[in-house]
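Throughout, read-outs are computed from the coordinates displayed, never taken from laboratory work. Everything numeric here is computed off the predicted structure, so don't read it as measured data. Glycine gets a Cβ as well: all are built from the backbone with ideal geometry, and neighbour counts include every protein chain shown.
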Amino acid sequence: MATARVPVCPDCDGTLKAGVMALCQREDDGKLTCRMVWGCANQHVWWHWADRPEGPLEPCPYPDLLDY
């Protein structure tokens, strides 16, 4: 079984650490879906839709969700 690769920060290429999951309503289909929040040691915070792990990381508008 293959393991998922650890994402890297688009800003600094640092390793991202998984943080919390946030329940959000997706605009394109109206579904309530979780977003996985990721952060790096340089306090960059990103997220993506948990059911679309191959999707792009987007800047998280709520950086206080992680305590780095």
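Of GLY19, GLY30, GLY55, which is the most mobile in a GNM of the chain whose springs link Cα atoms less than 10 angstrom apart?
Of GLY19, GLY30, GLY55, the most mobile in the Gaussian network model is GLY30.
Largest first and in whole Å, give the semi-axes of the chain's equivalent ellipsoid, each being the square root of 5 times a Cα gyration tensor eigenvalue. Spell out each step's value before the answer.
Values: eigenvalues 78, 47, 20 Å².
That gives 20, 15, 10 Å for the three semi-axes.
Using the Cβ atoms and a cut-off under 13 Å, what net charge is assigned to the surroundings of GLN25, where Lys and Arg are +1 and Asp and Glu are -1? Could the numbers behind the result be given before it?
Values: positive: ARG26, LYS31, ARG35; negative: GLU27, ASP28, ASP29.
Local charge sum for GLN25: 0.
Explain nothing, just the number: dipole magnitude of the chain about its Cα centre with +1 on each Lys and Arg Cβ and -1 on each Asp and Glu Cβ, in debye rounded to the nearest 20.
Working: 6 positive and 10 negative charges, 43 e Å.
Charge dipole of the chain: 200 debye, to the nearest 20.
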